[in-house]
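So the structure is just underneath, and the comments pick up after that.
The values are calculated or read from the model by the stated rules, or taken from the named source; none is laboratory data. Everything quoted here is computed from the prediction, not taken from an experiment. Note that each Cβ is placed from the backbone with ideal geometry, even for glycine, and that neighbours are counted across all protein chains shown.
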Amino acid sequence: MELVSRRDPHLREVVRFAVCCRALTLLLQALFNLLIPDHAADAFSPPRLSEPGLWDLLLERLLGGLSRWDAEHFLFIAERGYLYEHNCAFFPLYPLSVRAVAEAALWPLQRLLRLRSRLLLSAILLNSLFSALAAAALYQLGCLVLQRRRVAFLAAVLFSVSPANVFMAAAYSESMFAFLAFSAMWQLEKGQSWLGGLLFSLASGVRANGLINAGFILYSHGKCFALQLQVGSGSVRKLPPLWKQLLSVTSSAVLMCAGIFLPFALFQYYAYVRFCGPGTGLERTVPEPLLQLALAKGYRPVGRSGVKPPWCSRQFPVVYSYIQDTYWNVGFLRYFELRQIPHFLLALPVTLLGSWAAWTYVIANPQHCLTLGLERRKSEEEGKPRAGFCCPGVFVYVVHATVVLALGFFCMHVQVLTRLLGSCSPIPYWFSAHLLQEHEPLLWSEGTDDQTAAPRPEKSLLGKSAGSCRKGTLENPVVRLLLKCRLITPLSKCILGFFLSYWLLGLILHCNFLPWT
């Protein structure tokens, strides 16, 4: 792929560091899982219907810590499909990919490992690949948007020690989603709008919050149209009539947004046919132990005779919102209870970081924010756009991160904010890198920043030049700061402390069925 084919030593260092961090993650989770007894959590835990062999037991001992909590849902779906109604909260592209790798690439291991073990191994291998590619995509995206290679490099390195690290490694869909989302943003910045739309569409087949990415498509087309109008008003060259320009932009945006919503709509239709269809008879295909689990836990199995689920009779039978409401009590302000204070405290660091990032950007660009970035700036006309976190190109990403932050804080289980923002937005990494670069003297000694001096002439769909990111030192800035941790500023200690403490605590707690983000 183009993601890792460029001869950029910084890109290679990003991928190398991501691979090393993933290897360390696997080693530590195995150690913690061995030393710390598992907590008896009230979580989805289907019975194993086949006896494990010696190699299965060994694999479970080494990688079992990465199959906890929601990972059980993904592995269960990959193995048996959507047998329970609440399984439909987990979108199909990731479990389908896990099953495909287990059946194809890991086919030679079928004599040694049962299917469930091969699925777990497949998930770990896929997530290791996706997390490294996501770091590379984030670096490429940062180079285009920030126009400062050092900040983009630092942000991509921080991604490898993300506070959401354990979810990037475990059998969760976060790594795949981050790879698709960051790659789509990168393609959109390069002007490859249709490829970006395709990647966004795939991302919406991985996680429901991928639907929010339609905002990038709408904004890019809206900005393109606004800039065309401003160029046309001061130009003598002949342009198509206004209605033709508007029709072209609108039709393109509508088609691409429809593509992003299509996987979600198809999956809801699949769930409707599977759980609401008359006389499917599928219940007979569910093994008896799984039917007993459904009876004991109150799960609704597929093909259940009798009364249909309530959501089947709604005008818009969307199973996803029904599951979030009924099974997990997700809704506006529902989580605002005194007993949830520990979870709000757990989400406090990423909430403060996201709010601080939005405030910093608005204070630095009040006029740009008021005009929604649709007004052509004089600096852009002169070919000298501002670089760094506060540059005009970051606006749409700040808006996206703020929307996700608000939805997560007010409408979801607030503790998921850390992994939600960490897997869908570059802002936590860009802003953290910006703070470290601006306020940490140890990073200043690397020399002058390499803001692009001569941007390439081509423009992206969002109106920014795709400048090069070539020169500069290759030393890993995070490793450098950690080796001199006693000399760094309090702000740097707070940022690195947040990243590394959540990186480590996530492994200790999540891998032993203890509550985490």
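Among the residues making up region 285-327, those that are in a loop (DSSP other than H, G, I, E, B), in contact with an Asp or Glu (Cβ under 9 Å, 6 or more places away or on another chain) and not small (G, A, S) are Y299, R300, V302, R304, P309, Y327.
Does Q110 satisfy the criteria of being surrounded by fewer than 24 Cβ atoms within 10 Å (Cβ to Cβ) and more than 24 Å from L500 (Cβ to Cβ)? Give the derivation first.
On the way: surrounded by fewer than 24 Cβ atoms within 10 Å (Cβ to Cβ): yes; more than 24 Å from L500 (Cβ to Cβ): yes.
Yes: the conditions hold for Q110.
The condition of being over 25 Å from F130 (Cβ atoms) and small (G, A, S) holds for only one of A104, A100, A40, A30, that being A40.
Taking first residues from region 16-36 that are surrounded by fewer than 18 Cβ atoms within 10 Å (Cβ to Cβ) and partners that are of a type in the set (D, E) and at pLDDT below 95, no Cβ contact under 9 Å between residues at least 6 apart in sequence or on separate chains turns up.
Could you run through region 328-347 and say how many residues are among the β-branched types (V, I, T) and either exposed (fewer than 11 other Cβ atoms within 10 Å of the Cβ) or assigned to a helix (DSSP H, G or I) (or both)? First the steps, then the outcome.
Here is the first cut: in region 328-347, the residues among the β-branched types (V, I, T) are 330, 341.
Keeping just the survivors that are either exposed (fewer than 11 other Cβ atoms within 10 Å of the Cβ) or assigned to a helix (DSSP H, G or I) (or both) gives 341.
Qualifying residue count, region 328-347: 1.
Quick check: anything in region 171-181 more than 11 Å from the chain's Cα centre (by Cα) and within 30 Å of E72 (Cα to Cα)? Looking for residues that are more than 11 Å from the chain's Cα centre (by Cα) and within 30 Å of E72 (Cα to Cα), one finds at least one in region 171-181, hence yes.
Among the residues of region 502-517, which ones are over 17 Å from L348 (Cβ atoms) and not hydrophobic (A, V, I, L, M, F, W, C)? Within region 502-517, H510, N512 qualify. So which residues in region 400-423 are of a type in the set (S, T, Y) and crowded, with 21+ Cβ neighbours inside 10 Å, if there are any at all? Those that are of a type in the set (S, T, Y) and crowded, with 21+ Cβ neighbours inside 10 Å: T418, S423. For region 123-148, the tally of residues that are surrounded by fewer than 24 Cβ atoms within 10 Å (Cβ to Cβ) and either of a type outside the set (A, V, I, L, M) or touching a strand residue (DSSP E or B) at 6+ places or on another chain (Cβ under 6 Å) (or both) stands at 2. Under the condition of being touching an Asp or Glu at 6+ places or on another chain (Cβ under 9 Å) and either charged (D, E, K, R) or touching a residue at least 24 places away in the same chain (Cβ under 8 Å) (or both), the residues counted in region 103-121 number 9.
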